[in-house]
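The values are calculated or read from the model by the stated rules, or taken from the named source; none is laboratory data. Keep in mind that this is a model prediction, so the values were computed, not measured. When we count neighbours, we look across all protein chains shown, and the Cβ atoms used for this are built from the backbone with ideal geometry, even at glycine. Keep in mind that these areas ignore ligands, DNA and RNA; they rest on the heavy atoms of the full protein, side chains included. Shrake-Rupley method; radii C 1.70, N 1.55, O 1.52, S 1.80 Å.
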Amino acid sequence: KNQVEQSPQSLIILEGKNCTLQCNYTVSPFSNLRWYKQDTGRGPVSLTIMTFSENTKSNGRYTATLDADTKQSSLHITASQLSDSASYSCQGSYIPTFGRGTSLIVHP
Amino acid sequence: GAVVSQHPSRVICKSGTSVKIECRSLDFQATTMFWYRQFPKQSLMLMATSNEGSKATYEQGVEKDKFLINHASLTLSTLTVTSAHPEDSSFYICSADRMNTEAFFGQGTRLTVV
């Protein structure tokens, strides 16, 4: 089974600021590394998907990095918006099991 | 992008009745679908993995006789909550896997058992 640890568990930032979410993983076998965003009361939405050989992937204001050697990934959000308030999860396994994730709150 | 449709989005049922939730992949074939349950302010909990044409694989602690899963085609999986009770009230979400690379999620179903 994969183990995924995310930090911080919760984060509050002001609108317009940048932030970085961290993900440490141990997966066997490794499929790809994905970041999801889940708004309250909605299903998760894929933000980025990176294969084992990729180091970085961007999707608009979201940029994910992957270090396969240290088994760490990060999700950087640039110029945060109020709509970024959500729960963010990283997944490193074929079967997307979810841990606690990071709860992000963006204040005006 | 790929779309997964989940229906209904909300349902209220009486205790003791059964409720069926449908999950459809609209523009791709999904040999594998996943069912999750999420309680307020908690993370998604994987309930079962549904494989087309075979029995679902349930996670530990999930009653297979209570949560019936049918995956009769490559685009449709259903979850039936049998003899529902108030403690089954939750947010149920399905996801469909595309080519073993990415999972797309439905909009979720808010089940309230009264």
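Note on region A:64-80: residues that are outside any loop (DSSP other than H, G, I, E, B) and open to solvent by 40 Å² or more (accessible area, probe 1.4 Å) amount to 4.
Considering (1) within 9 Å of chain B (Cβ to nearest Cβ); (2) open to solvent by 60 Å² or more (accessible area, probe 1.4 Å); (3) among the hydroxyl-bearing types (S, T, Y), the lone condition that A:S83 does not fulfil carries the number (1).
Among the residues of region B:57-75, the ones that are part of a strand (DSSP E or B) and either buried (at least 18 other Cβ atoms within 10 Å of the Cβ) or under 13 Å from the mean Cα position of the chain (by Cα) (or both) come to 7 in all. Within region B:1-30, the set of residues being hydrophobic (A, V, I, L, M, F, W, C) and part of a strand (DSSP E or B) comprises B:V4, B:V11, B:I12, B:C13, B:V19, B:I21, B:C23.
The residue that is modelled with the lowest pLDDT, counting only those in region B:1-45 that are surrounded by fewer than 14 Cβ atoms within 10 Å (Cβ to Cβ) and more than 23 Å from A:K37 (Cα to Cα), is B:Q29.
Matching residues to (1) within 12 Å of another protein chain (Cβ to nearest Cβ); (2) in a strand (DSSP E or B); (3) buried (at least 19 other Cβ atoms within 10 Å of the Cβ); (4) of a type in the set (V, I, T):
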| residue | (1), (2), (3), (4) |
| --- | --- |
| B:S77 | no, yes, yes, no |
| B:T80 | no, yes, no, yes |
| B:A84 | no, no, yes, no |
| B:E87 | no, no, no, no |
| B:Y92 | yes, yes, yes, no |
| B:S95 | yes, yes, yes, no |
| B:A103 | yes, yes, yes, no |
| B:Q107 | yes, no, no, no |
| B:R110 | yes, yes, no, no |
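Given the criteria open to solvent by less than 40 Å² (accessible area, probe 1.4 Å), within 14 Å of chain B (Cβ to nearest Cβ) and out of contact with any Ser or Thr (no Cβ under 6 Å at 6 or more places or on another chain), does A:I95 qualify? When the stated conditions are applied, A:I95 does not pass them.
Yes or no, residue by residue, for (1) outside any loop (DSSP other than H, G, I, E, B); (2) within 14 Å of chain B (Cβ to nearest Cβ); (3) open to solvent by less than 20 Å² (accessible area, probe 1.4 Å); (4) out of contact with any strand residue (DSSP E or B) (no Cβ under 6 Å at 6 or more places or on another chain):
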{"site": "A:K17", "(1), (2), (3), (4)": "no, no, no, yes"}
{"site": "A:L21", "(1), (2), (3), (4)": "yes, no, yes, no"}
{"site": "A:N24", "(1), (2), (3), (4)": "yes, no, no, no"}
{"site": "A:S31", "(1), (2), (3), (4)": "no, yes, no, yes"}
{"site": "A:K37", "(1), (2), (3), (4)": "yes, yes, no, no"}
{"site": "A:R42", "(1), (2), (3), (4)": "no, yes, no, yes"}
{"site": "A:I49", "(1), (2), (3), (4)": "yes, yes, no, no"}
{"site": "A:K57", "(1), (2), (3), (4)": "yes, yes, no, no"}
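Among residues of region B:42-63 that are within 13 Å of another protein chain (Cβ to nearest Cβ) and among the aliphatic types (A, V, I, L, M), those with a beta-carbon under 8 Å from a residue that is open to solvent by 70 Å² or more (accessible area, probe 1.4 Å) and not in a loop (DSSP other than H, G, I, E, B) at least six positions away or on a different chain give the pairs B:A48/B:T57.
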